[in-house]
Protein chains: 2
Amino acid sequence: MVAEQLRVEQADFVAAVAGKLTDFLTTRQSIMMAISPDIDPIMGSISNLVTGGKRLRALMCYWGWRGAGGPASAKDIVTAGAALELFQAAALIHDDIIDRSDTRRGGPSVHRRFSQLHESQGWALDSERFGHAAAILAGDLCLSFSEEAFTDIGETAASGSRARLIFNLMRSEVMAGQYLDILEEVAGPVRDRAGAVSRAQSIIRFKSAKYSTEHPLALGGALGGASDELLRGYSAFALPLGEAFQLRDDVLGVFGDPVTTGKPAGDDLREGKRTVLVAFALDLATPEESAFIDSKLGSPDLGEEDVAEIRRIIADCGALQATEVLIEEFGAAAYAALEVLPLEDLPKTALRRLAEATVSRAA
Amino acid sequence: MVAEQLRVEQADFVAAVAGKLTDFLTTRQSIMMAISPDIDPIMGSISNLVTGGKRLRALMCYWGWRGAGGPASAKDIVTAGAALELFQAAALIHDDIIDRSDTRRGGPSVHRRFSQLHESQGWALDSERFGHAAAILAGDLCLSFSEEAFTDIGETAASGSRARLIFNLMRSEVMAGQYLDILEEVAGPVRDRAGAVSRAQSIIRFKSAKYSTEHPLALGGALGGASDELLRGYSAFALPLGEAFQLRDDVLGVFGDPVTTGKPAGDDLREGKRTVLVAFALDLATPEESAFIDSKLGSPDLGEEDVAEIRRIIADCGALQATEVLIEEFGAAAYAALEVLPLEDLPKTALRRLAEATVSRAA
């Protein structure tokens with residue numbers, strides 16, 4: 001009974017967010033075409049990116065709203081979901097430039113789309129440079145769009161509102177967390193190794209956990225009129241859930257199946273990501289093995305053999321196991337916090353499902 | 001009398017915007033330090049950038065407000081000025097990555113600051129790549145800040161307000177205009193030469209004229225309660241003024257004194273900018289000279305001698321003269337539109353001064 005209602009309601013919401021995104025981008029498309037039809041590939045890259053995805057953030061936001069007593073299929077929460085999806089698209093566009101990821105969801109990333117466009121048209125100068133420049137601008141435009149959509153919510157998201165404060169904090173924290181992430185890539189090797197795991201955990205918290213689960217849930221709650229106490233309860237659930245989510249992501253980034261993840265195997269290693277998984281390995285492996293990993297992290301041309309050897313070290317030294325234990329602990333903390341949340345059956349079941357999908361996913 | 005009042009009032013406003021920016025960034029600094037002191041260089045790069053500059057956009061906004069009857073030294077217009085300055089800083093950070101400009105106002109640009117930090121700290125991997133990544137994130141954060149400041153204005157800038165619509169359109173148009181700019185750099189050489197001047201003029205309009213003068217003036221007007229008719233009059237003045245402004249910028253980008261502009265001579269040519277000045281030259285010079293310019297545009301290692309030769313061609317073929325004529329025509333159109341604006345003495349004089357400074361500047 002609850003299961004069926006949940007399925008229908010969630011499908012309705014996801015469809016409504018998709019519809020809102022289409023409407024929103026259609027109005028922007030007319031503005032852009034009035035400037036020049038040449039802008040079309042920029043708009044296309046944004047549309048393409050908001051069409052796919054797991055909609056995790058929008059769904060967290062929705063169930064945060066419903067848990068706080070917000071009505072099903074209300075306009076404001078659909079707009080908030082669309083704003084979160086646009087923000088996520090903007091973050092992905094710039095993230096892929098920063099991480100030099102050439103693929104996203106099995107297709108070319110935005111900067112690759114533009115360098116391919118350059119090549120196919122036989123344009124002058126450097127195609128890679130053009131790709132990066134175009135993707136910086138596409139991400140900026142998409143970031144502005146997310147803000148425009150968020151403002152469209154109106155009074156409950158106006159200046160000084162709780163929802164606005166959460167949205168602002170979310171943006172700042174994820175950008176700060178991403179900076180800490182790239183900083184650790186370059187500074188990690190010369191910083192004290194003892195602090196590496198805790199630095200990696202702090203990066204996870206800001207660049208991912210707060211952004212992917214805690215803030216979207218709180219945002220929905222705030223829009224739905226949640227009490228401060230309910231918002232605290234939301235955090236106690238969503239923060240460890242988000243940490244488990246990112247740790248799972250890190251495991252998939254090294255051990256995941258490219259067919260399921262849509263990204264080449266070992267991409268995280270090529271990008272030089274110093275994740276909790278890697279920090280554990282550097283700590284637990286033999287000095288020779290650690291030195292091997294250190295020398296390979298961040299090599300863009302890391303081959304299959306090296307990836308396989310790093311995987312072997314991570315598994316054998318116990319780093320994979322230690323990370324799985326952490327995922328389990330964070331997951332358990334999230335579930336425990338969820339059970340004491342004063343929610344009705346439907347939102348509680350929905351959040352439990354989301355949590356399960358998040359922690360045990362394969363992609 | 002008017003001159004003295006103008007001087008005092010404008011100085012008061014500029015000081016108030018600087019104070020607002022300091023206050024704003026101080027509160028954001030505390031949020032960032034709670035995440036990690038490692039974020040400090042990001043915040044420092046933003047502070048540094050909003051400290052300098054001509055404040056052209058904030059001043060346009062202010063006199064648009066005053067012309068519409070807004071009171072001197074009011075909180076809202078100071079906040080709007082700060083939001084525009086933050087937006088300009090964000091645009092400059094990303095612009096300098098896109099254009100590979102290593103200097104900004106005589107110092108290193110933000111991506112260079114971060115690659116220098118990388119080098120001075122002896123960090124691992126590639127310093128240039130780190131610099132670009134950090135600057136992408138610094139620009140994103142600054143773009144978010146500009147939005148936060150703008151929303152702080154409150155009701156007159158709320159969802160659906162005229163001011164919000166102008167702010168949104170400004171952002172979209174400048175990003176679209178920048179894309180057209182980089183597109184012309186690569187696609188220009190293979191597109192029809194006959195359309196080059198008109199494409200360059202369209203780029204100027206969107207990436208610069210609307211953004212630097214038309215929209216800021218209209219924004220101030222809308223916040224101050226201007227009639228639609230007054231806003232139309234503002235556009236008739238500010239759009240040609242902005243076009244003259246950018247044409248002057250293009251001339252300075254090739255012929256300007258590095259000591260005054262704070263940028264190396266010929267940087268625009270190294271970046272491959274296909275400005276109106278360059279488009280005229282390609283059209284008016286001999287086929288051999290045009291081919292020479294075409295072959296040199298966008299070479300990062302363009303030497304002093306080549307720059308000097310391109311300058312000679314641009315001057316001798318009449319392209320410089322043709323651009324100066326355009327600047328004069330746009331300037332004259334702006335002045336004519338200004339004279340018929342139904343404004344009091346003080347704002348009208350202020351706008352005339354701003355126009356003079358804009359069209360005849362040397363930096």
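The values are calculated or read from the model by the stated rules, or taken from the named source; none is laboratory data. Computed from a predicted model, the values in this text were never measured in an experiment. When we count neighbours, we look across all protein chains shown, and the Cβ atoms used for this are built from the backbone with ideal geometry, even at glycine. Keep in mind that these areas ignore ligands, DNA and RNA; they rest on the heavy atoms of the full protein, side chains included. Shrake-Rupley method; radii C 1.70, N 1.55, O 1.52, S 1.80 Å.
Hey, A:P189 hits all of (1) over 17 Å from A:L86 (Cβ atoms); (2) in contact with an Asp or Glu (Cβ under 7 Å, 6 or more places away or on another chain); (3) surrounded by 24 or more Cβ atoms within 10 Å (Cβ to Cβ) but one; which does it fall short on?
For A:P189, the failing item is (3).
Would you point out the residue of the range A:225-258, among those that are among the polar types (S, T, N, Q) and not in a loop (DSSP other than H, G, I, E, B), that is farthest from A:A337 (Cα to Cα)?
Among those that are among the polar types (S, T, N, Q) and not in a loop (DSSP other than H, G, I, E, B), it is A:Q246.
Please count how many residues of the range B:144-171 are small (G, A, S) and open to solvent by 10 Å² or more (accessible area, probe 1.4 Å).
5
Name every residue in the range B:186-201 that is facing another protein chain (nearest Cβ under 7 Å) and modelled with pLDDT of 95 or more, in order of residue number.
Within the range B:186-201, B:V186, B:A187 qualify.
Hey, any hits in the range A:109-116 for a residue that's open to solvent by 10 Å² or more (accessible area, probe 1.4 Å), more than 18 Å from the chain's Cα centre (by Cα) and facing another protein chain (nearest Cβ under 7 Å)?
There is no residue in the range A:109-116 that is open to solvent by 10 Å² or more (accessible area, probe 1.4 Å), more than 18 Å from the chain's Cα centre (by Cα) and facing another protein chain (nearest Cβ under 7 Å).
Given the criterion touching a residue at least 24 places away in the same chain (Cβ under 8 Å), open to solvent by less than 30 Å² (accessible area, probe 1.4 Å) and closer than 24 Å to A:A319 by Cα, identify the matching residue among A:L230, A:L217, A:L241.
Every option except A:L241 fails the conditions.
Among the residues of the range A:20-35, is any among the charged types (D, E, K, R), open to solvent by 30 Å² or more (accessible area, probe 1.4 Å) and more than 30 Å from A:A226 (Cβ to Cβ)?
Yes.
Answer with yes or no whether A:M175 is free of Cβ contacts under 8 Å to residues at least 12 places away in the same chain and closer than 23 Å to A:A91 by Cα.
It is true that A:M175 is free of Cβ contacts under 8 Å to residues at least 12 places away in the same chain and closer than 23 Å to A:A91 by Cα.
Since B:L141 meets every condition but one in (1) within 18 Å of the chain's Cα centre (by Cα); (2) within 10 Å of chain A (Cβ to nearest Cβ); (3) surrounded by 22 or more Cβ atoms within 10 Å (Cβ to Cβ), which condition does it not meet?
So B:L141 meets the others, but not (1).
Going by the conditions given, is B:L297 out of contact with any strand residue (DSSP E or B) (no Cβ under 9 Å at 6 or more places or on another chain) and at pLDDT below 95?
Here the answer is yes, as B:L297 does meet what is asked.
Which of (1) buried (at least 17 other Cβ atoms within 10 Å of the Cβ); (2) free of Cβ contacts under 8 Å to residues at least 24 places away in the same chain is the odd one out, the single condition B:F292 does not satisfy?
(1)
Listed here are the residues, each with its yes/no results for (1) touching a residue at least 40 places away in the same chain (Cβ under 8 Å); (2) of a type in the set (D, E, K, R).
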position: B:L252; (1), (2): yes, no
position: B:D267; (1), (2): yes, yes
position: B:E271; (1), (2): yes, yes
position: B:E288; (1), (2): no, yes
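Can you say whether A:H94 is at pLDDT 95 or above, closer than 26 Å to A:L217 by Cβ and of a type outside the set (G, A, S), as far as the supplied structure shows?
So A:H94 fits the description; yes.
In contact (Cβ under 8 Å) with a residue 12 or more places away in the chain and either over 30 Å from B:G70 (Cβ atoms) or in contact with a His (Cβ under 8 Å, 6 or more places away or on another chain) (or both): is that true of B:T323 in this structure?
For B:T323, the condition - in contact (Cβ under 8 Å) with a residue 12 or more places away in the chain and either over 30 Å from B:G70 (Cβ atoms) or in contact with a His (Cβ under 8 Å, 6 or more places away or on another chain) (or both) - is met.
Assuming B:L84 fulfils every condition listed in (1) more than 10 Å from every other protein chain (Cβ to nearest Cβ); (2) open to solvent by 10 Å² or more (accessible area, probe 1.4 Å); (3) in contact with a Leu (Cβ under 8 Å, 6 or more places away or on another chain) apart from one, which condition is it?
All conditions pass for B:L84, except number (2).
Would you be able to say whether some residue in the range B:339-361 is over 21 Å from B:P240 (Cα atoms) and without any contact (Cβ under 8 Å) to a residue 12 or more places away in the chain?
no
Quick one: is A:V307 surrounded by fewer than 17 Cβ atoms within 10 Å (Cβ to Cβ) and β-branched (V, I, T)?
In short, no.
If a residue counts only when it is farther than 30 Å from A:L180 by Cα and of a type in the set (K, R), which helices (runs of 4 or more DSSP H) contained entirely in the range B:113-224 have at least 2 such residues?
Fully inside the range B:113-224 and qualifying: B:162-187.
Testing A:L92 on (1) surrounded by 24 or more Cβ atoms within 10 Å (Cβ to Cβ); (2) without any contact (Cβ under 8 Å) to a residue 60 or more places away in the chain, one condition comes back false. Which one is that?
Going through the list (1) surrounded by 24 or more Cβ atoms within 10 Å (Cβ to Cβ); (2) without any contact (Cβ under 8 Å) to a residue 60 or more places away in the chain, A:L92 breaks only (1).
Under 23 Å from B:I314 (Cα atoms), within 10 Å of chain A (Cβ to nearest Cβ) and open to solvent by 10 Å² or more (accessible area, probe 1.4 Å): is that true of B:R248 in this structure?
Judged against the criteria, B:R248 is not a match.
Which of the numbered conditions does B:G131 fail, given that it passes all the others? Conditions: (1) over 20 Å from the mean Cα position of the chain (by Cα); (2) facing chain A (nearest Cβ under 7 Å).
If we test B:G131 against (1) over 20 Å from the mean Cα position of the chain (by Cα); (2) facing chain A (nearest Cβ under 7 Å), just (2) comes out false.
If you scan the range A:98-131, which residues turn out to be closer than 23 Å to A:V174 by Cβ and out of contact with any Ser or Thr (no Cβ under 8 Å at 6 or more places or on another chain)?
Within the range A:98-131, A:I98, A:D99, A:R100, A:R104, A:R105, A:H111 qualify.
Could you tell me whether any residue of the range A:193-200 is free of Cβ contacts under 8 Å to residues at least 40 places away in the same chain, in contact with a Ser or Thr (Cβ under 9 Å, 6 or more places away or on another chain) and of a type in the set (S, T, N, Q)?
no
Being open to solvent by 40 Å² or more (accessible area, probe 1.4 Å), within 14 Å of another protein chain (Cβ to nearest Cβ), among the hydroxyl-bearing types (S, T, Y) and free of Cβ contacts under 8 Å to residues at least 60 places away in the same chain, is that true of even one residue in the range B:38-61?
no
Just checking, which of B:D126, B:D102, B:D76 is open to solvent by 10 Å² or more (accessible area, probe 1.4 Å) and at the interface with another protein chain (Cβ under 10 Å from one of its Cβ atoms)?
Result: B:D126 is the single residue among B:D126, B:D102, B:D76 that is open to solvent by 10 Å² or more (accessible area, probe 1.4 Å) and at the interface with another protein chain (Cβ under 10 Å from one of its Cβ atoms).
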